[in-house]
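One structure is given here, and the rest of the page talks about it.
All of the numbers you see were taken from the coordinates with simple rules; none came from a lab. Not measured: the values here are computed from a predicted model. With ideal geometry, Cβ positions are generated from the backbone for all residues, glycine too; neighbour counts draw on all protein chains shown.
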Amino acid sequence: MLEEVEHWLTRRSWSVADRPLDRLTVAKAARGSTVSVVLPALNEEETVGEIVSVIRRELMERVRLVDELVVVDSGSTDRTAAVAAAAGARVEHRDAILPRLPALPGKGEVLWRSLLVTSGDIVCFVDADLKRFSADFVSGIVGPLLTDQDVQFVKAMYDRPLYPDPAGPGPGPDLGQGGRVTELVARPLLNLHWPRLAGFVQPLGGEYAARRSLLERLPFPVGYGVELGLLVDALHTAGLDALGQVDVGVRIHRHQDERALGRMAAAIYRTAQLRLSRAHLVRPELTQFERGESGFVPRTHAVDTEERPPVREIAEYPAGRAA
């Protein structure tokens, strides 16, 4: 398994510098591809405008790499929608997309609904809380999809400083401390249960691009587990060689407090748990050993996994108590 991961790393890990913009625009025109960029946003008025402005200026006006730029507002109470629209994005409101299906809270819900209001062959997701944003975050991850037909899903990789400002709290720009849930929860889960994904530097990063033809086949966890869920499901659906990652430098963004990180960790664990069950990797059997004439003999028994609902949910129960 280690050799497979190392082989993948040499073939499917790149730098943004490997594919200059002029090469990407030529490849895009030759293939007739279209690119949609989606920013899921909730109360991000301080950062969303700059991100939209950079993408429009660098990737829609200076070169024609991005065809569609959409901010999906998931119920902001600040000026996120107005700021994004003023900067040049098309703003869609989560609750107005597929209104017959009441929206659930969570980032994954917004990403899933965004597929209904975008049209690009390639869909690129970018978090709306990034600071000092560079267009490399977009061009870097759509690049392999434009130049290599075998690639279907690409994650950004980067350093994540916990304290990007040396004058701020803490020891300064420690580049390895920004991905706490990644290091404490996601990376151990992936290494133990999906070791072929062990080569991803930022498995939970919010910047990734994929072919629509793949995304439309994947389930979307509605909350924090969406990044891990999509990565695992992309592996099982498309295979390891269809996945890649691109180094785009440094990612600076707002960090969550410990309680938010705890909720994120729980959602990620639950997402992994569901996928283990669906893939039948949770073995509902128990093998025990008995000594026989020629040594130990294995005996395998089914483990009871069915459950009855709480008795008060059974219609006959309250009726019987009343009688």
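Within 12 Å, Cβ to Cβ, of residue 249, how many net charges do the neighbouring residues add up to if Lys/Arg are +1 and Asp/Glu are -1? Here the count lands on -1. Taking 0.36 nm per residue of separation and subtracting the current Cα-Cα distance, fully stretching the chain between residue 236 and residue 27 would add 72.4 nm. Of all lysines in the structure, the ones whose alpha carbon falls short of 24 Å from that of residue 28, not counting any fewer than 8 places away in one chain, are 155. Centre-to-centre, using Cα atoms only, the range 96-158 and the range 5-64 are separated by 10 Å. Here the gap between residue 7 and residue 62, fully extended at 0.36 nm per residue and compared with their Cα-Cα distance, gives a gain of 16.1 nm. Taking a sphere under 15 Å around the Cβ of residue 31 and counting the other residues whose Cβ falls inside, with K and R at +1 and D and E at -1, yields a net charge of +2.
Under the simplified labelling scheme, the residue 212-residue 148 pair shows an inter-label distance of 2.4 nm, with each label point 7 Å from Cα along Cα→Cβ. Would you tally the net charge around residue 215, using a Cβ to Cβ cut-off of less than 11 Å, leaving residue 215 out, and scoring K and R as +1, D and E as -1? Cβ neighbours under 11 Å give a net charge of 0. With a simple spin-label model that places each label point 7 Å from the Cα along the Cα-to-Cβ direction, the separation between residue 192 and residue 276 comes to 0.6 nm. Gain on full extension, evaluated as 0.36 nm per residue between residue 82 and residue 315 minus their Cα-Cα distance, stands at 78.8 nm.
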